[in-house]
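The next block holds one structure in the form of structure tokens; read it before the comments.
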Amino acid sequence: MEILRTNPHEACKKYEKRKKIINLVTQMEMGGAQKAAYLICKELIRREYDAEIWFLYKKRPGYEKYGFVKCLYDKKPDNLIEFIRLLLKLFFWMKKARPEGVITYTHYANIIGNLVALIAGISNRMATQHSPSWSYPHLARLLDKLFGTIGVYTSNVYVSESLAESFLNYPKSYKQRSRVIVNGLPTPKSSFDSKEKAKSYFGFSENTIVLSNVGRLSYPKNQLFLLQVISNINDPDVVLVIAGEGELRMEIESEIYRRKLSDRVFLLGELPYEKVCDLLLASDIFVFPSLYESFGYALVEAMMMGLPVIASDIPAHREVVADAGILLSLDDLKEWCLKIECLVRNENKRLELSKKAQLRSQVFELEKMVDGYLKTLFGLK
């Protein structure tokens, strides 16, 4: 395995003509891999590549308004016949588009997209790994290992160094095709010019301390833990706002009701990228108790917006946050409450962590990421 580090603007100088690149994602929703595809596609278009995003199916709306986005199916195929139709449709789309390169995101898109691209005669096929290998379903893990080993993937990207460690026991040929290219982001921008205006938009007063979390409502994101935290902070001016949608919504809503937190915990659902930036500006502290992550786009966005961050002490967060935030064990609920209460009372400490977070976040540059993707996809040195 090689860690690929790049300099902006130097990639793919041999490929100055308008090349077509398809970014293929399993499902449309507002998740991290989807955001990666969106950001990369926008940057490729800015560089005058003919780039598109294709979703295999729509789980939830989120990206339809963009002209470079297409969706093969309106819902997840629920039987073998529909799945075969999806494969055939993808094959014919690829034959018609004839892209010079295909980049796939998430394990099912990696497996399906690269196999179909190979059959369709596309030479440059790059998989990207956005979750630890052990988190994949058993069959997906076996096929991913096989396809990366025998060359169905011509190249393979891990989005962080900590994620790459979960693939260390993979075959040599798999790892020879693989590179670490750390995720990058543009600097997020809010539509408001002050924290007061942003808070007012979401219905909060200047004196309200807003704890925010952004992520799919799911087991790995661990928002139920935050309900335990907020219920142990006896300050009515401290509220928790969660932006995201997912399979645990009903369970989280039930827990909010059971703990009598309806006036202190607010579920906003999935927000467009621009509104996430507005929420981060309205926030005072970002809390991120994930059980595991490959990178954590929301965490980096919060740091870029100058929020002090409190996150779970896991490998991906150690890599991203370093010493620019507070990392805590998920086994210590009391410490989470104490650290949050300390930041609530101490504005100077919040400002100190804000500066550290913004400085640290500067290493996660979108242009470096896209340079690395292009060089890897087209096999350039």
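The values are calculated or read from the model by the stated rules, or taken from the named source; none is laboratory data. Just so it is clear, the model here is predicted, and its values are computed rather than measured. Cβ: placed from backbone, ideal geometry, glycine included. Neighbour counts: every protein chain shown.
The table that follows gives values for the structure above.
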{"read-out": "Flag if L211 is surrounded by 14 or more Cβ atoms within 10 Å (Cβ to Cβ), at pLDDT 95 or above and farther than 15 Å from D284 by Cα", "value": "no"}
{"read-out": "Y297 vs. criteria in the same structural domain as Q129 (by the TED database) and either within 24 Å of I45 (Cα to Cα) or β-branched (V, I, T) (or both)", "value": "no"}
{"read-out": "Among the residues listed as L56, L39, L88, the single one being part of a helix (DSSP H, G or I), within 20 Å of the chain's Cα centre (by Cα) and among the aliphatic types (A, V, I, L, M)", "value": "L39"}
{"read-out": "Pair list, Cβ under 9 Å, 6 or more apart: segment 354-366 residue under 14 Å from H317 (Cα atoms), other residue among the aromatic types (F, W, Y) and in a loop (DSSP other than H, G, I, E, B)", "value": "F364/F295"}
{"read-out": "Among (1) in contact with a Cys (Cβ under 9 Å, 6 or more places away or on another chain); (2) modelled with pLDDT under 95, the one test that H107 misses", "value": "(1)"}
{"read-out": "Search result, residues across segment 152-170 that are outside any helix (DSSP H, G or I) and either surrounded by 14 or more Cβ atoms within 10 Å (Cβ to Cβ) or of a type in the set (D, E, K, R) (or both)", "value": "V152, Y153, T154, S155, N156, V157, Y158, V159, S160, Y170"}
{"read-out": "Conditions (1) modelled with pLDDT under 95; (2) in contact with a Pro (Cβ under 6 Å, 6 or more places away or on another chain); number of the one not met by P272", "value": "(2)"}
{"read-out": "Selection count where residues are in contact with a Pro (Cβ under 7 Å, 6 or more places away or on another chain) and either more than 16 Å from Q34 (Cβ to Cβ) or of a type in the set (A, V, I, L, M) (or both), scope segment 287-309", "value": "5"}
{"read-out": "Looking only at segment 367-381, and only at residues there that are surrounded by fewer than 19 Cβ atoms within 10 Å (Cβ to Cβ) and not acidic (D, E), the one that is modelled with the highest pLDDT", "value": "G379"}
{"read-out": "Contacts under 6 angstrom Cβ, first residue in segment 331-348 being outside any helix (DSSP H, G or I), partner modelled with pLDDT of 95 or more, 6 or more apart", "value": "none"}
{"read-out": "Some residue of segment 302-309 being free of Cβ contacts under 8 Å to residues at least 40 places away in the same chain and either crowded, with 22+ Cβ neighbours inside 10 Å or touching an Asp or Glu at 6+ places or on another chain (Cβ under 9 Å) (or both)", "value": "no"}
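Table: residues versus (1) polar (S, T, N, Q); (2) crowded, with 19+ Cβ neighbours inside 10 Å.
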site: L280; (1), (2): no, yes
site: F286; (1), (2): no, yes
site: A298; (1), (2): no, yes
site: P315; (1), (2): no, no
site: S329; (1), (2): yes, no
site: L338; (1), (2): no, no
site: C342; (1), (2): no, no
site: E352; (1), (2): no, no
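Quick grid of which residues meet (1) of a type in the set (K, R); (2) touching a Gly at 6+ places or on another chain (Cβ under 7 Å); (3) farther than 22 Å from E165 by Cα:
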position: I285; (1), (2), (3): no, no, yes
position: Y297; (1), (2), (3): no, yes, no
position: A302; (1), (2), (3): no, no, yes
position: G306; (1), (2), (3): no, no, yes
position: R318; (1), (2), (3): yes, no, no
position: A324; (1), (2), (3): no, no, yes
position: L327; (1), (2), (3): no, no, no
position: E335; (1), (2), (3): no, no, yes
position: Y373; (1), (2), (3): no, no, no
